[in-house]
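Asks: I'd like to ask you about the structure that follows.
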Amino acid sequence: MSMIREQMLAAEKVTALQWRDNALYLLDQRLLPQHEQWQRYTTATEVALAIREMRVRGAPAIGVAAAFAVVLAAQQLTHRPHSEWQAVLEADFVELAESRPTAVNLFWALQKMRDCLANAVQQSQPLAVLEAQALAIFNADRAANLHTAELGLQLIREASSAPQHLMTHCNAGALATAGFGTALGVIRAAYLDGLVECVHINETRPWLQGSRLTAWELVGEGIPSMLNVDSSAAHLMAKNKISWVIVGADRITANGDVANKIGTYQLAVLAHYHKVKVMVVAPSSTIDMQLSSGDEIPIEERDGAEILYLDGQRVAAQVDAFNPVFDVTPAALIDVIVTERGVVQQPNSQKMRELMLHR
Ligand code: MRU
């Protein structure tokens, strides 16, 4: 085990989801950082709602939650013949798939569970087979986080051995995954390696994943961090503060385009202008080779109330609000995509194909 891996395991503090006593426990991310409240889920419908309402969020985490939700749905069927399970569970698969549209990890995990179900119903203990598959999805994400952290750290190290100013957007941390985080996994590893001067956290309007979640995770681990409004990114880059923008992803298409939290695209444009490197960190479950480019990614639009109101109080004039919560960064603006399968520098279709063929 690498030294960094050992240190990351020793420093682990935050988890977003737990599977125990045949139930799914989710840390309610709407209440952070003021309240650390865990809720117990026993039905797929409850989990679908938790995903929709962003009690659990972040691409890998919602995939893992959906996988366990299928197990919860199957737990209600133990009195029925196995031959009926696929038909009965169809409604649960549909409900879970409709919870959020952009992060492909959700659909990837549901497909894994669907494939597993087809095999499980031929076995004597289908529930145990489904549970093992959901746990495998959980554990694979944790393992991917550790590996991408090491690969990303290597890239930072190769570029400079001096402590760095890094910028991140949204929350791609432990709260967004089954493990240590994607972008924050790399940042954690860089910190443990002495390479972090300061992490600049964009607050990430309107849901404030940066100020509420990323700041909570980083400060909790003593990682030097500073919060800034999203619109100060250009200023920080112009002052030569930032060497890397490090973000996660919700869907990466076959040509290397990346959907991530709204604002990522403008950060990448700014980074290009200021010669700041952009690193996207994601497990390969975030890669959607079915879509040829980012134009085809469904972009979630949420209620305008998220912009019009603050703490339940209307702050905007009588105006309509447009609230897309993801955007697409073209591959040409990305220096490197880091996955557990390997690293893709200057991504394009051919390199993405090679990455996905390579085992
Ligand atoms: O709307 P959210 O909070 O689910 O959006 C999350 C992001 O955009 C993350 O950057 C992405 O899911 C990667 S998480 C490892």
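The values are calculated or read from the model by the stated rules, or taken from the named source; none is laboratory data. Values in this document were obtained by computation on a predicted structure and should not be read as measured data. Cβ coordinates were reconstructed from backbone atoms using ideal geometry, including for glycine residues, and neighbour counts include every protein chain displayed.
Asks: Considering only residues that are surrounded by fewer than 24 Cβ atoms within 10 Å (Cβ to Cβ) and part of a loop (DSSP other than H, G, I, E, B), look in segment 179-203 and name the one that is farthest from the ligand (Cβ to nearest atom).
Replies: Among residues in segment 179-203 that are surrounded by fewer than 24 Cβ atoms within 10 Å (Cβ to Cβ) and part of a loop (DSSP other than H, G, I, E, B), the one farthest from the ligand (Cβ to nearest atom) is 194.
Asks: Identify, from the list 117, 135, 106, the residue that is assigned by TED's automatic domain parsing to the domain that holds residue 68 and within 16 Å of the ligand (Cβ to nearest atom). Step through it out loud before you land on a result.
Replies: On the way: 117 fails: within 16 Å of the ligand (Cβ to nearest atom); 135 fails: within 16 Å of the ligand (Cβ to nearest atom).
So the residue among 117, 135, 106 that is assigned by TED's automatic domain parsing to the domain that holds residue 68 and within 16 Å of the ligand (Cβ to nearest atom) is 106.
Asks: Filter segment 163-178 for residues that are in contact with a helix residue (DSSP H, G or I) (Cβ under 6 Å, 6 or more places away or on another chain) and assigned to a loop (DSSP other than H, G, I, E, B); which is farthest from the ligand (Cβ to nearest atom)?
Replies: 178
Asks: Pairs under 6 Å by beta carbon, first residue free of Cβ contacts under 8 Å to residues at least 40 places away in the same chain in segment 239-266, partner among the aliphatic types (A, V, I, L, M), six or more apart or different chains?
Replies: From residues that are free of Cβ contacts under 8 Å to residues at least 40 places away in the same chain, there are no pairs.
Asks: List the residue pairs whose Cβ atoms are under 7 Å apart, where the first residue sits in segment 90-102 and is under 18 Å from residue 326 (Cα atoms), the second is of a type in the set (Val, Ile, Thr), and the two are 6 or more positions apart or on different chains.
Replies: 99/51; 100/51; 100/62; 102/297; 102/299
Asks: When you go through 321, 282 one by one, which is the residue that is in the same structural domain as residue 207 (by TED's automatic domain parsing), under 19 Å from residue 170 (Cα atoms) and among the small types (Gly, Ala, Ser)?
Replies: Going through 321, 282 in turn, just one is in the same structural domain as residue 207 (by TED's automatic domain parsing), under 19 Å from residue 170 (Cα atoms) and among the small types (Gly, Ala, Ser): 282.
Asks: Criterion first (within 13 Å of the ligand (Cβ to nearest atom), farther than 16 Å from residue 253 by Cα, in the same structural domain as residue 209 (by TED's automatic domain parsing) and buried (at least 17 other Cβ atoms within 10 Å of the Cβ)) does residue 338 satisfy it?
Replies: no
Asks: Related question: Out of (1) exposed (fewer than 14 other Cβ atoms within 10 Å of the Cβ); (2) in a loop (DSSP other than H, G, I, E, B), what's the single condition that is false for residue 6?
Replies: The single condition residue 6 does not satisfy is (2).
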